[in-house]
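Everything on this sheet refers to the single structure shown next.
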Amino acid sequence: MATQLNLEELVQDSRVHRRIYLEPEIFELEMDRIFERNWVFIGHDSEVAEPGDYKTLTIGTQPAILTRDEDGEVHVLMNRCMHRASTICQEHRGNSSYFRCWYHGWTYNNKGELIGMPYARGYGSHFDRAKFALIKAARVERYRGMVFASLNAEVDPLADYLAAAKYYIDLFMDLSPAGAVEARCGTHKYGYDGNWKFQMENGVDGYHPNFVHQSFFEVQGKTLGRRVMRLFTENSSYESKDLGNGHSILDMSSKRPRQNRPVRNILRGATSQASTDVYMDSLLKRYGPDRTSEILGASNVNLAIFPNLLIIGIQFRTVIPVNATRTDIHLAPTTLKGVPEEINVARIRAHEAFYGPSGGGAPDDVEMFNRCTDGLRVKGAEWLELSRGLEREQITEDGIRVAHITDETPQRAFYYRWKELMCGMAAANKVRRLPSAGNF
Ligand SMILES: [Fe+2]
């Protein structure tokens, strides 16, 4: 049995114990202390853009439904009939004003109110339908169209929780001259036989790409002349950052952004000059030259929002814990509002090349998660090492912990937060300022 004392010992400053990836008791505590007491990413406004739109999801392992009612309000309802517990909605997404449980026909509107039961006379005159409304998430808040929910009414405001990650979310959204993305292209879904934390670690791991994705990068080099591997070498000037509250980023912002180069990065050379010009003009008009350069320079994004969201490339990637050694992944690619269609087509084609079940890169990561899970079963080696870059991390005046892009700062950021929430305590390293000896 995982005791409080054990948990503290299992996650240390620069290493974590293999048990945290394997044990069902620890997984259950994670669902309770991390997923059910804090903010989790639910989806994007645009996924339920129209009245009646809905999408099913989970909060931890609890099934839920994101709905938009006829008044335009968004609700996060628990997907559980208040009669005999059946889930009431089975589709991933759709449009409906009502949810009718298939078991005995109890019917709810998309606000969660019980509006009818078959043969209602059997319940007598004192039956109060209002007491049988669907359970709602205690809190729902949005940031730049991203919907977060919490089952804990006392959770801190979303804006406080997102902390320094807001700056990078803004950059992602501002790639649109209308300041908004849409996630209405559908969803890639896949899973792996391994713990959910592997995907959260990997999405901001700048050490692995040149090895796991070597073949993809080599093909890209030959076909498009892109030398992606330079981003992730020892000589790279890019950084990894701990943004607070478990969030982190691989910051690949161009240090000296030039207007043409970043645009090529986004579009992968797949759009006409005319479309590129229209897009550039609209960005400049909305944001001015300095902010436009900043936005385009940061268009290569790997951002982790604790505990269950990665913003990678153009996608929202939701990590769905199933059990200690099973995880589902949903990738929702986004398009930019207010740009020529050709620009969005190019974004989606570039996304498809790497991500999704038939992409050139994402399946390689999944294979690593499977292999790690197999390797974890070796009992002679108890620890996973996360110390890379520990000695050369620096802390900025804003309190952001910064290191080289190949350093394991994002993974340590994740586990500082994990330990805070799981053990009710800060990891020792979090409050210790390291000597800024780093040169990278
Ligand atoms: Fe990867």
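The values are calculated or read from the model by the stated rules, or taken from the named source; none is laboratory data. Predicted, not measured: the structure shown is a model, and the values here were computed from it. Note: ideal-geometry Cβ built from the backbone for every residue, glycine included; neighbour counts use all protein chains shown. With ligands, DNA and RNA removed, areas are computed over all heavy atoms of the protein, side chains included. Shrake-Rupley method; radii C 1.70, N 1.55, O 1.52, S 1.80 Å.
Of Ile314, Ile115, Ile59, which has the largest mean-square fluctuation in a 10 Å C-alpha GNM of the chain?
Ile115
Checking the a/c ratio against 1.5 first, then a/b against b/c, what shape does the Cα gyration tensor give for region 5-139? Mind showing how you got there, number by number?
On the way: a/c = 2.98, a/b = 1.85, b/c = 1.61.
Cα axes put region 5-139 in the prolate bin.
Grab the Cα-Cα distance for Glu367 and Tyr123, subtract it from 0.36 nm times how many residues apart they are, and report the gain in nm with one decimal. All intermediate terms of the calculation are to be shown ahead of the outcome.
On the way: separation 244, 0.36 × 244 = 87.84 nm, distance 5.35 nm.
Stretched out fully, the Glu367 to Tyr123 stretch lengthens by 82.5 nm.
What residue among Asn245, Asn152, Asn302 has the largest mean-square fluctuation in a Gaussian network model of the chain, using Cα springs under 10 Å?
For the chain, modelled as a Gaussian network with Cα springs under 10 Å, the answer is Asn152.
For region 4-53, what is Rg from Cα atoms divided by 2.2 N^0.38 Å, rounded to two decimals? Please report the intermediate quantities before stating the final value.
On the way: Rg = 16.8 Å, N = 50, 2.2 N^0.38 = 9.7 Å.
So region 4-53 has a normalised radius of gyration of 1.73.
What's the center-to-center distance, using Cα atoms, between region 162-193 and region 341-369 in Å?
15 Å
Taking the chain as the reference, fit the longest principal axis to its C-alpha atoms, fit the long axis of helix 214-224 to the helix C-alpha atoms, and give the angle between the two in degrees, 0 to 90, nearest 10.
Relative to the chain, helix 214-224 is tipped by roughly 70 degrees.
Using a Förster distance of 30 Å, how high is the FRET efficiency between Asp398 and Ala178, based on the Cβ-Cβ distance and rounded to 0.05?
Numbers: r = 29 Å, r/R0 = 0.97.
The formula returns an efficiency of 0.55 here.
Going highest first, how would you order 411-417, 393-399 by mean Cβ packing within 10 Å?
Details: 411-417: 25.4, 393-399: 13.1.
Highest to lowest by the protection proxy: 411-417, 393-399.
Please give me, ordered by residue number, the GluC sites (Glu not before Pro) of region 118-194 that lie in loop per DSSP and have at most 11 other Cβ atoms within 10 Å. All intermediate terms of the calculation are to be shown ahead of the outcome.
Numbers: sites: Glu141, Glu154, Glu182; in loops: Glu154.
Filter output for region 118-194: Glu154.
Just the number please: accessible area per residue for the chain, 1.4 Å probe, all protein chains included, in Å². Working shown, then result.
On the way: 19450 Å² over 440 residues.
Solvent-accessible surface per residue comes out at 44 Å².
Any idea what the dipole of region 335-419 comes to, in debye rounded to 20, about its Cα centre with Lys/Arg Cβ at +1 and Asp/Glu Cβ at -1?
Values: 12 positive and 15 negative charges, 55 e Å.
In debye, rounded to 20, region 335-419 gives about 260.
Rank Ile311, Ser358, His330 by how far each Cα sits towards the positive end of the charge dipole of region 290-382 (+1 on Lys, Arg Cβ; -1 on Asp, Glu Cβ) and give me just the farthest.
The one lying farthest along the dipole's positive direction is His330.
With +1 assigned to the C-beta of every Lys and Arg and -1 to the C-beta of every Asp and Glu, and no other charges, what is the dipole magnitude of region 1-65 about the Cα centre in debye, to the nearest 20? Could the numbers behind the result be given before it?
On the way: 6 positive and 13 negative charges, 44 e Å.
So the magnitude is around 220 debye.
When ranked by the protection proxy of mean other Cβ atoms within 10 Å per residue, highest first, what sequence do the peptides 273-284, 158-169 form?
Details: 273-284: 16.2, 158-169: 18.1.
Taking the mean over residues of other Cβ atoms within 10 Å, the ranking is 158-169, 273-284.
Once fully extended, how much extra length lies between Glu218 and Tyr167, figured as 0.36 nm per residue of separation less the alpha-carbon to alpha-carbon distance? Intermediate results must be reported in sequence, preceding the final value.
On the way: separation 51, 0.36 × 51 = 18.36 nm, distance 3.26 nm.
So the chain would gain 15.1 nm between Glu218 and Tyr167.
Amide H of Arg226: which non-local residues (sequence gap of 5 or more, or other chain) have their own amide H closer than 5 Å, using H built in the peptide plane?
Gly221
Along the positive direction of the dipole of the chain (beta-carbon charges: Lys, Arg +1; Asp, Glu -1; about the Cα centre), which of Ser248, Phe132, Tyr238 reaches farthest?
Ranked along the dipole, the leading option is Tyr238.
Given Cβ point charges of +1 (Lys, Arg) and -1 (Asp, Glu) and nothing else, what value in debye, to the nearest 20, does the dipole of the chain about its Cα centre take?
Computed about the Cα centre, the dipole is about 460 debye.
Mean-square fluctuation check for the chain, GNM, Cα pairs under 10 Å: which of Tyr192, Tyr103, Tyr355 is largest?
The residue with the greatest mean-square fluctuation here is Tyr103.
Please report, for the Cα atoms of region 138-221, the Rg to one decimal and the Dmax as a whole number; what are they, in angstrom?
17.1, 50
What order, most packed first, do the peptides 304-313, 129-138 have when packing is the mean number of other Cβ atoms within 10 Å of each residue?
304-313, 129-138
Roll a 1.4 angstrom probe over the protein heavy atoms and tell me the percent of accessible area of the chain that is carbon or sulfur.
Values: 9430 of 19450 Å².
Using a 1.4 Å probe with all protein chains present, the chain comes out at 48 percent carbon and sulfur.
Tell me the mean residue ellipticity at 222 nm calculated for the chain from its helices only (DSSP H runs of n ≥ 4, each -39500 (n - 2.57), averaged over every residue, nearest 500). Present the calculation step by step, with values, prior to reporting the outcome.
Numbers: 12 runs with 127 residues, N = 440.
Result for the chain: -8500 deg cm²/dmol, rounded to the nearest 500.
I'd like the Kirkwood hydrodynamic radius of region 270-354, using the inverse of the mean 1/r over distinct C-alpha pairs, in Å.
Working: mean 1/r = 0.0678 Å⁻¹.
Averaging 1/r across every pair of different Cα atoms and inverting gives 14.7 Å.
When the scattering of the chain is computed by the Debye formula from its Cα atoms alone, each counted once and equally, what is log10 I(q)/I(0) at q = 0.10, 0.12 Å⁻¹?
The calculated log intensity ratios at q = 0.10, 0.12 Å⁻¹ are -0.74, -1.05.
May I ask for the angle, rounded to the nearest 10°, between helix 341-354 and the longest principal axis of the chain, with both axes built from Cα atoms and the value confined to 0 to 90°?
The angle comes out near 80 degrees.
Return the loop-located GluC sites (Glu not before Pro) in region 3-75 (DSSP other than H, G, I, E, B) with at most 13 other Cβ atoms within 10 Å of their own Cβ; answer none if there are none. Spell out each step's value before the answer.
Values: sites: Glu8, Glu9, Glu25, Glu28, Glu30, Glu36, Glu47, Glu70, Glu73; in loops: Glu36, Glu70, Glu73.
Qualifying residues, ordered by number: Glu70, Glu73.
Report, by chain and number, residues whose modeled amide H sits under 5 Å from the one on Phe316, excluding near sequence neighbours (fewer than 5 apart, same chain).
Ala332, Thr334
Testing the spin-label approximation: label points 7 Å from Cα along Cα→Cβ at Asp193 and Ala49. State their distance in nm.
Here the modelled spin labels are 4.0 nm apart.
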